[in-house]
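One structure is given below, encoded as structure tokens.
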Amino acid sequence: MSTTVVGKPKALTAEEFAERMLGSVLGFMEVFGVYLGDRLGWYAALRAQGPMTSTELAAATGTHERYAREWLEQQAVSGILLAEGADAWGRRFTLPEAVAEVLTDESSLAFMAPAGRMLVAACANPSALLDAYRTGGGVSWEQLGLAAGEAQAAMNRPWFEQRLPAALQGTPHLDRALSGRGARVAEVGFGGGWASISIARTYPGLRVDGFEVDAASVEMATRNAEAAGVTDRVSFHLVGGAEIGEQAAYDAVFAFECVHDMPHPVEVLAAMRRAARPGAPVVVMDEAVKETFTAPGDELERMMYGFSLAVCLPDGMSSPGSSGTGTVMRPSVLEGYARRAGYDHLDVLPIEDFGFFRFYQLHQ
Ligand SMILES: C[S@@+](CC[C@H](N)C(=O)[O-])C[C@H]1O[C@@H](n2cnc3c(N)ncnc32)[C@H](O)[C@@H]1O
């Protein structure tokens with residue numbers, strides 16, 4: 001008889017693991033420092049005004065010099081900012097251009113500041129999380145607060161604006177479905193609305209209806225659509241994905257990075273199926289996690305389990321009778337939901353990105 005050992009972990013010594021933990025603690029502290037610099041406008045000021053002393057930075061941002069100095073020194077010691085000068089008050093700090101892109105350029109695909117915002121928002125109420133873990137309850141998107149919704153929207157915005165258009169145009173049957181004059185598109189779980197806005201900009205002949213359960217997200221997305229000048233063709237509704245009223249009405253139906261958050265994904269997928277015209281594509285974009293559980297896992301798996309612990313699973317569990325999916329929704333799990341929702345099968349579409357997302361098409 002043979003025994004299969006799945007992903008036998010490399011046994012670390014206590015010393016090795018303590019070293020790894022030290023690295024993680026430093027990483028946690030750096031994320032917190034980045035959060036402060038992002039939210040207090042310190043990176044933005046350094047980027048706009050060039051090298052500054054702590055006194056100049058505090059004056060430029062309406063913050064306190066003593067805190068600004070501690071932060072600047074921490075950032076320089078951590079190798080994020082460059083420091084010049086021996087005297088604490090005369091020392092000037094520079095934000096290198098490459099770091100500025102990652103921390104301040106909201107249009108860059110490398111923009112990472114929202115990850116810090118999301119992690120701080122997720123950890124802001126540890127007692128609610130601990131309580132949920134003990135009772136099987138949840139912490140809803142609404143309880144996490146607007147900061148989490150805004151961070152999620154900001155995290156995905158560059159991809160939706162810069163990569164989604166080419167992904168759709170480069171997939172002939174999706175491009176055909178969206179190109180028809182007067183085509184109608186539905187998006188479920190739109191968050192900040194950037195995917196719908198990007199689709200509307202890419203295909204000027206179509207109209208989009210968005211369906212979302214979170215009122216703050218509907219307001220945020222509506223503001224974003226107004227600023228983008230697309231409200232004549234994009235409407236965001238405070239209506240859950242399972243409650244889409246129209247049947248056989250849409251030429252394409254999308255759900256971007258949200259099915260794994262849904263307490264009742266089967267009901268939503270079934271409503272998406274009914275809302276699509278016969279033959280219209282129903283597309284789910286979700287995390288590109290591995291087909292099967294493998295431990296130890298790669299960075300993507302570690303990141304998705306991390307988000308799941310703090311955000312997606314507690315959010316999904318915040319409704320009674322939840323499926324409790326979590327961020328790590330493997331293809332077989334989605335396939336099971338799709339079959340129960342009345343689909344025949346699903347395909348993975350050949351859409352490339354950084355490796356974070358996978359596009360599934362669900363067939364009736
Ligand atoms: C992780 S966010 C993704 C938002 C957006 N699609 C994006 O990629 O940035 C998940 C979103 O799904 C929404 N959501 C969860 N359950 C839903 C449902 N049943 N119907 C519609 N939206 C839902 C949440 O309110 C949240 O805005």
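A short reminder: the numbers here are calculations on the coordinates, not readings from a lab. No experiment lies behind these values; they were computed from the predicted model shown. All Cβ positions, glycine included, derive from the backbone under ideal geometry; neighbour counts span all protein chains shown.
Below are the figures for this structure:
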{"read-out": "With Cα atoms, 0 to 90° folded angle of helix 65-77 axis to the chain main axis", "value": "80 degrees"}
{"read-out": "Enclosed volume per residue, in Å³, of the convex hull spanned by Cα atoms of the range 14-104", "value": "100 Å³"}
{"read-out": "Interchain or long-range residues, amide H under 5 Å from PHE211's placed H", "value": "GLU187, VAL188, GLY189, PHE190, HIS237"}
{"read-out": "Fraction of antiparallel bridges per DSSP, the chain only, in percent to nearest 5", "value": "45 percent"}
{"read-out": "Backbone HN-Hα couplings from phi across the range 350-359 [Karplus 6.51/-1.76/1.60, Hz, Gly and Pro as x]", "value": "x, 10, 8, 9, 6, x, 7, 10, 10, 9"}
{"read-out": "Packing rank of 208-218, 271-281, where each peptide gets the mean count of other beta carbons within 10 Å, highest leading", "value": "208-218, 271-281"}
{"read-out": "Prolate/oblate/rounded call for the range 48-165, Cα gyration tensor, a/c under 1.5 rounded", "value": "oblate"}
{"read-out": "Cleavage-rule hits, chymotrypsin sites (Phe, Trp or Tyr not before Pro), the range 48-157, DSSP coil, Cβ neighbours within 10 Å at most 16", "value": "TRP89"}
{"read-out": "On Cα atoms only, tilt of 215-228 relative to the major axis of the chain in degrees", "value": "80 degrees"}
{"read-out": "Over the chain, relative contact order from alpha-carbon pairs under 8 Å, at least 6 apart, %", "value": "13 percent"}
{"read-out": "For ALA249, residues with placed amide H under 5 Å, excluding near neighbours", "value": "ALA276, ARG277"}
